[in-house]
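These notes concern the structure reproduced below.
The values are calculated or read from the model by the stated rules, or taken from the named source; none is laboratory data. None of the values given here were measured: they were computed from a predicted structure. Note: ideal-geometry Cβ built from the backbone for every residue, glycine included; neighbour counts use all protein chains shown.
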């Protein structure tokens, strides 16, 4: 009898719990930024892109909102290939990160879900709070196709110790950066003679940092790689930009053979004064500089200097988008919008990486202004530039990367490389 | 009665035996193959067609024309002259030998015709519509031309050295086969650690001597060689096992007789061992040619095809066209040409095998 009662009570309890339990909505999320081992839910202590974004995601899943976000395993280098294959296999992730420069391609083919302003507002996202550039970044044909997360741009990461050893720091302790290609070469010579160190390091061998450097120098001369359907690579402006960089290699003031990781190590090991890299490494370098085992001690972050007529630096944006397939899944759509609102609310946490925030309210907050080094590259937001939208953006960037590499790694003449690049980009456009 | 005889017939048992294979082969290989051929005749954007099946456009052979066509085509005697001279000398030698032995069978004629055609085709120059295609074809051929002989030779020598009883030989056989079980991702990771300029294995070996490590993966003179070495290390295990199996087929009395006749060392290898396992050697080489024409991971993960395009290979260009540029029609055309290329090698293997059987 006792056993019977026990079984009855147990069965009733199970039925009751089944009746009250909510089915969890699971969102599949695809992103790059790398892996974070043991990312918890403590957003405030996370460091670096991978860990900050993953703790933001984990913290959302841990909230009492009946939504679980599952981060899919994706690889940085092949992210867009994987994403396209997922879309083509009708198995797109429910929410994914995407660059501004990819919006034209994905939205024009009908892959992304337009997000009506009313739905965004209902979820607690106010597009009016986004700075105009951010609104522009997520817009295509007058509609929003995502929620912006940042602007990221190329900066000059500076080792102040070596620079002052070479006498290139002013009385206020501020770095003296060049104002022309000639001055850049003179500074490089001065550093080499005084310290024996390289002036500049960057990944010129694989990752397209070299392309972004040349693009910035083109924009500084009011030039660009294409205009409408016409490639404009083989120009005196492009030649001037490339010559300025090649002069550094020829003088042995920079090593074109280093890849991303090697150039980063060279900078941290104090073997080069300046590293050209993005906003995404600011908090990482800042943390590294505090480590006594790292040679870099006095770390400074500078806006990309104006080497020609007008200021400009390469920039892009990370955005979050939803696939068009979510249209037929209202429950997931609602959950995904709620998650986007969570990301939007954590804009300042993401900005800790070094990226520039996209919300006016965040940009004007004391929390944002007090982030390390923020005042040192405050002008970057004003000089950030990018190419006009093009569905062939990645292929164009690849052409430039290959042809520029062939100049500094294979000894191809600048004229031939620029002519070949122009021909190939013309074919792509 | 007729039905029962069918169940017992060879036809039925034949189909019964191959049906498990066909169940996988038809939907997973044959059907996608024809679908690829069909796609190669279209202007087909991967994403556009996913969301609008009518977005593709039939363009006939235009993708093929774009790939292998060009303007201002002409023929030159001097183009690629060093390589073509080697081809010419090889062809003429073959012809003279065949004439001396009066052995003009079909295999010889086809091989000579193939060499002559290749010699002629290599003289064509012009403004190619897609110069990158020819660069990746050249790189792939160079890669195969290095990897196949190096792997075959290394595996053969290792097999001869390890074809003996004893624990030491057994351990070494396992060690050399070990690399074979690794995936390309692991292999490339290992070799990136070996080639690392700052803290790589080679760099650490050179440091005590005050030497700087060369930029193995970003120097265009070294990058292809670096990939070749990694690939040989990876593929030598499989060839080694095949050679060991072949060596164990050689009758012991033949080797003994050769030893008694005074054949030792190198002469025994060249005149007795290699001719005895020549079928295995051919099999290993053809297998590797077909396999390595499909090289992708090493180029994609170790050098990203660079510097410039110096290590970009055929399959990586297919991958880039299909997924980065979404041009799956164009990529399919390229894949079809790769198939034709590999088919030619399979035919050569078939012809060689046939000739020996005859």
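The residue list B:157, B:222, B:189, B:182 contains one member that is within 14 Å of chain A (Cβ to nearest Cβ), at negative phi and within 21 Å of the chain's Cα centre (by Cα), which is B:222.
Within the range A:402-423, the set of residues being under 30 Å from residue A:106 (Cα atoms) and facing chain B (nearest Cβ under 7 Å) comprises A:402, A:405. Could you tell me which numbered condition residue B:318 fails, if it satisfies all but one of (1) in contact (Cβ under 8 Å) with a residue 40 or more places away in the chain; (2) over 18 Å from residue A:410 (Cβ atoms); (3) more than 9 Å from every other protein chain (Cβ to nearest Cβ)? Here residue B:318 clears every test but (1).
All of (1) touching a helix residue (DSSP H, G or I) at 6+ places or on another chain (Cβ under 9 Å); (2) more than 9 Å from every other protein chain (Cβ to nearest Cβ); (3) surrounded by fewer than 22 Cβ atoms within 10 Å (Cβ to Cβ); (4) modelled with pLDDT of 90 or more hold for residue A:399 with one exception: (3). Answer yes or no: is there a residue in the range B:250-264 that is touching a helix residue (DSSP H, G or I) at 6+ places or on another chain (Cβ under 6 Å), under 13 Å from residue B:160 (Cβ atoms) and at pLDDT 85 or above. Among the residues of the range B:250-264, at least one is touching a helix residue (DSSP H, G or I) at 6+ places or on another chain (Cβ under 6 Å), under 13 Å from residue B:160 (Cβ atoms) and at pLDDT 85 or above, which makes the answer yes. Exactly one residue among B:91, B:107 is farther than 30 Å from residue A:391 by Cβ and touching a residue at least 60 places away in the same chain (Cβ under 8 Å), and that residue is B:107.
Of the candidates B:37, B:87, B:96, the single residue that is over 17 Å from residue B:330 (Cα atoms) and under 24 Å from the mean Cα position of the chain (by Cα) is B:87.
So residue A:283 passes all but one of these: (1) buried (at least 20 other Cβ atoms within 10 Å of the Cβ); (2) more than 14 Å from every other protein chain (Cβ to nearest Cβ); (3) in contact with a helix residue (DSSP H, G or I) (Cβ under 7 Å, 6 or more places away or on another chain). Which condition number does it fail? If we test residue A:283 against (1) buried (at least 20 other Cβ atoms within 10 Å of the Cβ); (2) more than 14 Å from every other protein chain (Cβ to nearest Cβ); (3) in contact with a helix residue (DSSP H, G or I) (Cβ under 7 Å, 6 or more places away or on another chain), just (3) comes out false.
Here's the yes/no breakdown for (1) within 30 Å of residue B:125 (Cβ to Cβ); (2) modelled with pLDDT of 90 or more; (3) not assigned by TED's automatic domain parsing to the domain that holds residue B:324:
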{"position": "B:7", "(1), (2), (3)": "no, no, yes"}
{"position": "B:10", "(1), (2), (3)": "no, no, yes"}
{"position": "B:17", "(1), (2), (3)": "no, yes, yes"}
{"position": "B:29", "(1), (2), (3)": "no, yes, yes"}
{"position": "B:35", "(1), (2), (3)": "no, yes, yes"}
{"position": "B:61", "(1), (2), (3)": "yes, yes, yes"}
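Of the numbered criteria (1) outside the structural domain of residue A:137 (by TED's automatic domain parsing); (2) touching a strand residue (DSSP E or B) at 6+ places or on another chain (Cβ under 6 Å), the one residue A:375 fails is (2).
Please verify whether residue B:308 is in contact with a strand residue (DSSP E or B) (Cβ under 9 Å, 6 or more places away or on another chain) and either in a helix (DSSP H, G or I) or touching a residue at least 60 places away in the same chain (Cβ under 8 Å) (or both), treating the condition exactly as stated.
Values: in contact with a strand residue (DSSP E or B) (Cβ under 9 Å, 6 or more places away or on another chain): no; either in a helix (DSSP H, G or I) or touching a residue at least 60 places away in the same chain (Cβ under 8 Å) (or both): yes.
No: the conditions fail for residue B:308.
Taking residue A:315, is it assigned to a strand (DSSP E or B) and either more than 20 Å from the chain's Cα centre (by Cα) or farther than 15 Å from residue A:146 by Cα (or both)?
yes
Out of all the residues in the range B:275-294, is one or more within 14 Å of another protein chain (Cβ to nearest Cβ), without any contact (Cβ under 8 Å) to a residue 40 or more places away in the chain and part of a helix (DSSP H, G or I)? There is no residue in the range B:275-294 that is within 14 Å of another protein chain (Cβ to nearest Cβ), without any contact (Cβ under 8 Å) to a residue 40 or more places away in the chain and part of a helix (DSSP H, G or I). Might you check whether a residue that is in contact (Cβ under 8 Å) with a residue 40 or more places away in the chain and surrounded by fewer than 15 Cβ atoms within 10 Å (Cβ to Cβ) occurs anywhere in the range B:230-251? Yes, the range B:230-251 contains at least one residue that is in contact (Cβ under 8 Å) with a residue 40 or more places away in the chain and surrounded by fewer than 15 Cβ atoms within 10 Å (Cβ to Cβ).
Condition check for residue B:50 on (1) part of a strand (DSSP E or B); (2) within 14 Å of chain A (Cβ to nearest Cβ): one failure, at (1).
Matching residues to (1) crowded, with 19+ Cβ neighbours inside 10 Å; (2) within 20 Å of the chain's Cα centre (by Cα):
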residue: A:136; (1), (2): no, yes
residue: A:159; (1), (2): yes, no
residue: A:171; (1), (2): no, no
residue: A:217; (1), (2): yes, yes
residue: A:242; (1), (2): yes, no
residue: A:248; (1), (2): yes, no
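Considering the conditions (1) touching a helix residue (DSSP H, G or I) at 6+ places or on another chain (Cβ under 6 Å); (2) away from every other protein chain (no Cβ under 11 Å), residue B:343 is excluded by exactly one of them, (1).
Of the residues making up the range A:75-96, those that are buried (at least 22 other Cβ atoms within 10 Å of the Cβ) and not in a helix (DSSP H, G or I) are A:92, A:93, A:94, A:95, A:96. Assessment of the range B:192-205 against the conditions (over 21 Å from residue A:264 (Cα atoms), assigned by TED's automatic domain parsing to the domain that holds residue B:288 and outside any loop (DSSP other than H, G, I, E, B)) yields at least one matching residue. Residue check: residue A:208 meets all listed conditions (1) surrounded by 16 or more Cβ atoms within 10 Å (Cβ to Cβ); (2) more than 27 Å from residue B:312 (Cβ to Cβ); (3) under 26 Å from the mean Cα position of the chain (by Cα) but one, namely (2).
Taking the numbered list (1) more than 14 Å from every other protein chain (Cβ to nearest Cβ); (2) in contact (Cβ under 8 Å) with a residue 60 or more places away in the chain; (3) in contact with a strand residue (DSSP E or B) (Cβ under 7 Å, 6 or more places away or on another chain) in turn, residue A:271 passes all entries but (1).
Is one or more of the residues making up the range B:330-339 under 26 Å from residue A:414 (Cα atoms), assigned to a helix (DSSP H, G or I) and more than 9 Å from every other protein chain (Cβ to nearest Cβ)? Within the range B:330-339, none of the residues are under 26 Å from residue A:414 (Cα atoms), assigned to a helix (DSSP H, G or I) and more than 9 Å from every other protein chain (Cβ to nearest Cβ).
Of all the listed residues (A:255, A:262), the sole one being within 12 Å of another protein chain (Cβ to nearest Cβ) and in a loop (DSSP other than H, G, I, E, B) is A:255. Looking only at residues of the range A:79-94 that are without any contact (Cβ under 8 Å) to a residue 24 or more places away in the chain and out of contact with any helix residue (DSSP H, G or I) (no Cβ under 8 Å at 6 or more places or on another chain), we find that the one that is nearest to the other protein chains (Cβ to nearest Cβ) is A:89.
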